[in-house]
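Throughout, read-outs are computed from the coordinates displayed, never taken from laboratory work. Quick caveat: nothing in here was measured; it's all calculated off a predicted structure. Because the Cβ atoms are built from the backbone with ideal geometry, glycine has one as well, and the counts that use them run over all protein chains shown.
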Amino acid sequence: MTDVFRIAALAENSAEDSFTRLARYLSYAPISSDPESAGKVLELAHVLAGDLASLGMTRARLLELPGAHPCVAAEWLSAGPNAPTLLIYGHFDVQPVAGEAWDTAPHTLVRKGGRLYGRGAADDMGGWLSHLVAIEAWFKETGSLPCNVKLLLEGEEEIGSPNLEAFMEAYPDAFTADAMVLTDCENPSVDIPGLTVSLRGLLEIEVRVASAKSDVHSGLWGNVVPDSATTLIALLARLVDVDGRLRLGRRDVDPVWLAHSHDVPLTPDVIRSGARLLDGIAPLPDRGLSPAAWAWRQPAVTVLSTTFPSPGREKNAIRQSTSAMLSLRVAPGQTSAELFELVKAELDRNVPGGLAVTISELPGGSSSWDYVAAGPAFEAADRAYLAAWGRTPLRIGVGGSIPFVAMFGKRFARLPLVLNGVIDPETGAHGPNESMHIGVYTKTVKANVHLYAELAKALIPPTAR
Ligand SMILES: [Zn+2]
């Protein structure tokens, strides 16, 4: 057995031991969105810095900015200037659990049927822990790593990384690298690893229809004056096709990409189970595309909230104004401004009853991201996954918007960005009963061991050329 395979086997054996650490980290309940948990986020950051130092990493420290949850950073640069430097990014904060029906205590790690349950198990503690286990195995076996490594764990990814760009500005040294592994993404199945190469962006808008200075009696004025509520319904209906999908801003899908996208195991059964569909409800028809193409490469619309009268507030009145907040997913390669203009033009044209419509963009959107995962770093990643998973990773997209990826993608566009993770379709991230598949975790630990060695061979830093 070659060295790397022996180290991967060692890492695989210690994956089990790392569950104790996972249980401990998870028990802090570091919910970044909850001001009352800020102390827990900080406490865990200190614990992690201590653990990284014990692991053998150097300069383990907290990066801090006023009003922000800290990042934890550490490095090991003894591979020297002729070896490449790999930055490993993950986040240690978690989503809240309030209002969710969990079968187990959410902040206690519970093992059941080949999976580990607990908030943060897969999103994203298992993601970066898989690297710590791999690093530990390299240290144990060789006393070193094949490449230089920097670790950067963020404490506020789950609130949209509001200060990540400021951290990049304030601590440039913590982010300088030749390649990056961003480990907070999904695998298409527990047997098929994934590398994420595109994201949809996010655009939130408010559509407001106004008709009168006050609500008026519907018996007296109905059919005589325009109704803001029914007008808004008619306007929103313009945005979607017969299936309820956004019909504006559709993108051409490359036929080769489309053919490959059928390898993504998004079968009707997987979709039914993953999306918790009721019995008898079918996924939307493909209409010449594939579920992956719809979820990753096309724009979409969801209604976030409306001001339609809610139960208990019924009255026989025509409402003076009605509004809806919409979330639009921006297709990879499409800009938010482009999609906004299309939607605005559609809603502005021939408004029923000649009503005034105001369409405004809300703050907090994020850009889409479209990446070509090719070149020596990706060939290296393919070899690492082949060795650990028995197959190369599928290039996949993410239908959601991950602000940190867009930020890394913008700032480090010319670096190889390897987006992987330990999430699978059954993980249930951001919902009740979040879990990590133990097999996925173990294979990812092994893939990481190989990845460092493969990247060291594949990437020669410019200074050493
Ligand atoms: Zn995450």
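The slack in the chain from Ala166 to Asp241, taken as 0.36 nm per residue of separation less the alpha-carbon distance, amounts to 22.9 nm. Counted residue by residue at 0.36 nm each, then reduced by the alpha carbon distance between them, the extension gain from Leu220 to Ala9 reaches 68.1 nm.
When peptides 307-315, 106-114 are ranked by their average number of other Cβ atoms within 10 Å per residue, the highest-first order is 106-114, 307-315. Here the label points at Ser54 and Met325, each 7 Å from Cα along the C-beta direction, are separated by 4.3 nm in the simple model.
The Cβ shell under 12 Å around Val225 holds other residues with a net charge of 0, Lys and Arg each +1, Asp and Glu each -1.
Considering all projection directions equally, how large on average is the shadow of the alpha-carbon convex hull of the chain, in square nanometres?
Mean orientational projected area (the chain, Cα hull): 24.7 nm².
The separation of region 188-230 from region 1-68, counted between C-alpha centres, amounts to 41 Å. To the nearest 0.05, what FRET efficiency results for Ala413 and Leu77 with a Förster distance of 22 Å applied to their C-beta separation? The calculated FRET efficiency here is 0.35.
Counting charges near Lys40 (Lys, Arg +1; Asp, Glu -1) among other residues having Cβ under 14 Å from its Cβ returns a value of -4.
Estimated at 0.36 nm per residue, the fully extended path between Asp103 and Ala337 surpasses their Cα-Cα distance by 80.0 nm. If both residues of a DSSP beta bridge must be in the chain, then about 65% of such bridges are antiparallel.
Under the classification rounded if a/c is under 1.5, otherwise prolate if a/b is larger than b/c and oblate if not, where does region 1-142 fall, given a ≥ b ≥ c as square roots of the Cα gyration tensor eigenvalues? In terms of gyration-tensor shape, oblate.
For a test of the definition: using alpha carbon positions, the gyration tensor, and the 1.5 limit on a/c, classify region 90-196 as rounded, prolate or oblate. The shape class here is oblate.
When the dipole is taken about the Cα centre of the chain, and only Lys, Arg (+1) and Asp, Glu (-1) are charged at their Cβ, what size is it in debye, to the nearest 20?
Its charge dipole is roughly 540 debye.
When you restrict to C-alpha pairs under 8 Å that are six or more residues apart and normalise by the size of the chain, the relative contact order lands at 26 percent.
Helical content of the chain, expressed as a calculated mean residue ellipticity at 222 nm, amounts to -10500 deg cm²/dmol (DSSP H runs of 4 or more residues, -39,500 (n - 2.57) each, divided by residue number, nearest 500).
In this simple spin-label approximation, Glu314 and Thr230 carry label points 7 Å from Cα along the Cα→Cβ vector, and these lie 1.7 nm apart. Distance between the pseudo-spin-label points of Glu64 and Ala275 (7 Å out from Cα toward the beta carbon): 4.6 nm.
Within a straight-line Cα-Cα reach of under 27 Å, Lys446 can be paired with the following lysines, leaving aside sequence neighbours fewer than 8 residues apart in one chain: Lys112, Lys140, Lys150, Lys457. Comparing Leu109, Pro172, Asn350 along the charge dipole axis of the chain, the residue lying farthest to the positive side is Asn350, per the Cβ-charge model.
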